Amino acid sequence: MRRIYPGSITSYSQFGHIKVPKSVKCVCPGCRNKVEFVLKSTYQSSKHGLMTESICPSCKFSAPFIIITKEKDIHPDVYIYDPDTATHPLNQIEQLPKIPEELVRAYKSAVNVHHTKENAATAVLAKRVIENILKHFLSEKSKGLTLEQQFKSLPEHINLVKPITSLSPLMAPDGSLHHMLELETELDDEMAELIMDLLEDMIQYLFVLPGKIEITQERIEKKLT
């Protein structure tokens, strides 16, 4: 699901006591072009919200839209179903330009085997995924080292702070983004969505992922004791 922010909603209509989007400008999940969707007024209603669809004027893709209604809030949350922005790692890693194909294949195999409840095969393929990850960063230096030793040496071969520090040029006082954040220049719909994506990425990188790794590690250690 991909959030549609209010700046991308070009018109509204009334549905009961709430305003619902009538047309939105966003990237089509089918052709990846930015188009204006006109939402059908035939909503499927449920306890938590509404569901409708719209046809892309460019490729004729039928896109589902989810409208989450909230009590005492006349502006609901709006989402478009977009498989390419799903949070499952399989959908995320395939979009990355530098990830090794061998690693993608190994991870896919591990996921598929895990779904069949073949635990022994899952263990074998999980080890292969770990080995592929470490090999990508350590290269030939991984040879002859145990997995424990490879993990210990990993920080020497990957700059874990680079993804954050590389953002500093974007925030330069004389830069265009700085002027937009300070409301000195106009922020268009597309840039607003990109900024929201950046916020989500930063929160994931700095808070969510480290926290999830720590929690999973604690659960594994507790299971092993």
Residues that are more than 26 Å from the chain's Cα centre (by Cα) and at pLDDT 90 or above: which helices (runs of 4 or more DSSP H) entirely in segment 168-225 hold 2 or more of them?
209-224
Can you work out which of the residues in segment 111-122 that are surrounded by 13 or more Cβ atoms within 10 Å (Cβ to Cβ) and out of contact with any helix residue (DSSP H, G or I) (no Cβ under 6 Å at 6 or more places or on another chain) is farthest from ILE99 (Cα to Cα)?
GLU118
Considering every residue within segment 34-43, establish whether at least one is surrounded by fewer than 12 Cβ atoms within 10 Å (Cβ to Cβ), at pLDDT below 90, in contact with a strand residue (DSSP E or B) (Cβ under 8 Å, 6 or more places away or on another chain) and in the same structural domain as ILE9 (by TED's automatic domain parsing).
yes
What are the residues in segment 125-148 that are loosely packed, with under 13 Cβ neighbours inside 10 Å and assigned to a helix (DSSP H, G or I), if any?
SER139, GLU140, LEU147, GLU148
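If you scan segment 44-60, which residues turn out to be in contact with a strand residue (DSSP E or B) (Cβ under 7 Å, 6 or more places away or on another chain) and surrounded by 12 or more Cβ atoms within 10 Å (Cβ to Cβ)?
Residues satisfying the conditions are GLY49, LEU50, MET51, THR52, GLU53, SER54, ILE55, CYS56, PRO57, SER58.
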Selection count where residues are within 18 Å of GLY7 (Cα to Cα) and either touching a residue at least 12 places away in the same chain (Cβ under 8 Å) or surrounded by 11 or more Cβ atoms within 10 Å (Cβ to Cβ) (or both), scope segment 163-187
5
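The values are calculated or read from the model by the stated rules, or taken from the named source; none is laboratory data. Values in this document were obtained by computation on a predicted structure and should not be read as measured data. Cβ: placed from backbone, ideal geometry, glycine included. Neighbour counts: every protein chain shown.
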